[in-house]
């Protein structure tokens, strides 16, 4: 139906006849001449309809925004003074010879160039309209280029694209599963995969030594800006590899991707141990564009007459840390109060601070409600954090986990609010993660997943599981975890030892993971891999604020699809077929 896309046209097409198909972006009537801005996925072209073509003119006169038209016309240069250097098609226009209305449109719920004035819920309800915006088209086109480049790179490295099941069984991978009831096996359920983890390991046992998949994954968890109930992973696994092999393959892939798609040469990928990242930045995915660092001051605060500080300083699980903000003394009390409320989101019970107005004036040159408690240590404190006139020092004092999370988040917030970024891109590898962490009940839980290989022997793991490190590695970019991976356990005895450390007995392990343990006993090679969050990667590369900006049909924060009104109720007949009986809402509330 068309000969060219609207956005393809330029001055090389002058005097050529073209046929365009697209939507009316804007219609203007100037002194009896109608101008139509025609839009398709490639861009916008200006079409001129003269009264000399009565039928075409009448149809153009009746056209309105978002009507679907086919236009046949001749390309010509725009008159001097009307050319638009801000448009790729701004030198030319199309003189219409024929206008055909392919479909009409009701008044759209919002104008595409005024989308910012409507709520996100309206844009998601009419997502098919929202996706017509050039910004959304560009993001999804770039997403397509990214996946194409990833496939080309991995296949050039000998990786095979192999699909794994979507209907599988529930496995503990850190989040709730989405369950699918089985009609043919009453009372039993499939689970949608949180990742293809076990299947890609089984592929390694099968001898497919280089696998990849751009895979849909599902997790029933609370949503944030970078999470969705269904998301996409670039999943990679290889046999006969060590950490460095996987890191080299994937780092090269990301470097090439940024170079080819964005024309960006990423800087060096430094390595940082997990413990160092937590100590300096309070995060295992630190944003190295921000030059602020946390400094431990527990030893200085252990004997001060201020229990808010001395209590955590003398607690083996506590931490007192300082965060110096150069030039931060200009912050107003209102702004400090707002930051205090902000860290409260992360469990902090307050935010102590000291403004350094004049170091040479001693205590008189400091402004703070807490400085009176620190007379004996204040000079050493200021020296340790490198304080200078005009700085502000924020403090966190609580359990180490709360201090890390609260001050780590404050550091990122300050970096954005005060424009402290020192560069555009800051990648790194975080390595030497703990094997386990404590859950809310004090039990050990896998920090990544229970199939990650420990960096110690089975005997050492059994002797001190809480102190064991793992052979895991995360790629981080600008404070976002792009991908996480590890060398996997390929020995059934070691896998059983990890299950035991997690409190999974032999019978439970056999019931849930018998197929994996059997596979490991049948000549499993050493193997490892990494999975990238495709949505996060595209979000970063396009400058989006959330991954909803780069997914064609995302869910809301409550995991709902406003456009299709999903999830929805199903009929009683369907429920009977699935052997499911619903509790009434009234009984749930009682």
task: Output the residues belonging to region 296-316 that are touching a residue at least 60 places away in the same chain (Cβ under 8 Å) and under 18 Å from residue 399 (Cβ atoms).
output: 297, 301, 306, 308, 309, 311, 312, 313, 315
query: So which residues in region 134-166 are surrounded by fewer than 16 Cβ atoms within 10 Å (Cβ to Cβ), in contact with a helix residue (DSSP H, G or I) (Cβ under 8 Å, 6 or more places away or on another chain) and in a loop (DSSP other than H, G, I, E, B)?
result: 157, 165
Residue that is surrounded by the most Cβ atoms within 10 Å (Cβ to Cβ), among those in region 32-62 that are over 41 Å from the mean Cα position of the chain (by Cα) and assigned to a loop (DSSP other than H, G, I, E, B): 53
- request: Determine, yes or no, whether residue 282 is in contact with a helix residue (DSSP H, G or I) (Cβ under 7 Å, 6 or more places away or on another chain) and at positive phi.
  value: yes
message: Is it the case, given these coordinates, that residue 529 is at pLDDT 95 or above and outside any loop (DSSP other than H, G, I, E, B)?
response: yes
- prompt: Scanning region 259-275 for residues that are assigned to a helix (DSSP H, G or I) and out of contact with any strand residue (DSSP E or B) (no Cβ under 9 Å at 6 or more places or on another chain), which turns out nearest to residue 409 (Cα to Cα)?
  reply: 262
- request: Select from region 1-22 the residues that are buried (at least 16 other Cβ atoms within 10 Å of the Cβ) and farther than 25 Å from residue 133 by Cβ and list them in ascending order.
  value: 13
message: On the basis of being on the phi < 0 side of the Ramachandran plot, in contact (Cβ under 8 Å) with a residue 12 or more places away in the chain and within 41 Å of the chain's Cα centre (by Cα), does residue 14 make the cut?
response: no
field: Criterion violated by residue 397 - all others in (1) touching a strand residue (DSSP E or B) at 6+ places or on another chain (Cβ under 9 Å); (2) crowded, with 22+ Cβ neighbours inside 10 Å; (3) in the same structural domain as residue 250 (by TED's automatic domain parsing) satisfied
entry: (3)
- request: Tell me which residues, restricted to region 17-34, are touching a strand residue (DSSP E or B) at 6+ places or on another chain (Cβ under 7 Å) and free of Cβ contacts under 8 Å to residues at least 40 places away in the same chain.
  value: 26, 27, 28, 33, 34
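The values are calculated or read from the model by the stated rules, or taken from the named source; none is laboratory data. Not measured: the values here are computed from a predicted model. With ideal geometry, Cβ positions are generated from the backbone for all residues, glycine too; neighbour counts draw on all protein chains shown.
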